[in-house]
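Here is the structure we will look at, set down as structure tokens.
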Amino acid sequence: MNNEGKVLFNEKCSICNFEIKHYKKRSELTFNDCSHMEDKYLKRLHVVFADGKELVGVDAFIYVWNRTKGYKWLGTLVSLPVIKQCALFAYAILAFLLFWRFKLFNRS
């Protein structure tokens with residue numbers, strides 16, 4: 001039974017798509033475009049599992065990094081409590097800016 005999650009990312013966001021294309025080349029993860037889904041999925045990276053569990057934002061990135069060749073060290077580093085708190089803060093700002101950039105310039 002496959003317990004792997006599906007990574008949901010905004011393929012229409014040039015910055016998001018650029019980064020995810022890199023991870024696609026280096027991992028066996030399943031990536032799905034969420035640009036047509038509700039805003040909840042556009043605001044932050046999501047990993048969804050068949051049982052309904054979700055990882056969001058920094059936790060989703062840690063999941064991806066831990067399963068991507070050459071990035072496990074980054075997943076381990078960002079999992080450290082102090083660094084994770086800084087990453088949560090930085091990601092909240094970056095995700096907010098990218099979401100509104102997408103909403104303002106890419107949707108009619």
Checklist entry - Out of (1) over 19 Å from residue 25 (Cβ atoms); (2) within 15 Å of the chain's Cα centre (by Cα); (3) of a type in the set (D, E, K, R), the odd one out for residue 101 is which? => result (2)
Next on the checklist: Just to be sure I understand the filter: pairs with C-beta atoms under 6 Å, separated by 6 or more residues or on different chains, first member in region 1-29 and surrounded by fewer than 18 Cβ atoms within 10 Å (Cβ to Cβ), second member at pLDDT 85 or above and assigned to a strand (DSSP E or B). Which pairs pass?
Outcome noted: 6/30; 6/32; 6/48; 11/33; 24/31; 26/68; 29/7
Item to check | Residue that is farthest from the chain's Cα centre (by Cα), among those in region 63-79 that are small (Gly, Ala, Ser) and in a helix (DSSP H, G or I) | outcome: 79
Checklist entry - Can you pull out the residues in region 1-42 that are aliphatic (A, V, I, L, M) and assigned to a helix (DSSP H, G or I)? => result 15, 20, 42
Checklist entry - Are any of the residues in region 70-81 in contact with a helix residue (DSSP H, G or I) (Cβ under 8 Å, 6 or more places away or on another chain), within 20 Å of residue 6 (Cα to Cα) and among the aromatic types (Phe, Trp, Tyr)? => result yes
Checklist entry - How many residues does region 30-54 contain that are among the aliphatic types (A, V, I, L, M) and surrounded by 14 or more Cβ atoms within 10 Å (Cβ to Cβ)? => result 4
Item to check | Filter pass, residue 82 being in a helix (DSSP H, G or I), surrounded by 17 or more Cβ atoms within 10 Å (Cβ to Cβ), β-branched (Val, Ile, Thr) and free of Cβ contacts under 8 Å to residues at least 24 places away in the same chain | outcome: no
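The values are calculated or read from the model by the stated rules, or taken from the named source; none is laboratory data. Because the structure is a prediction, the values reported are computed rather than measured. Ideal geometry is used to build each Cβ from the backbone, glycine not excepted, and the neighbour counts take in all protein chains shown.
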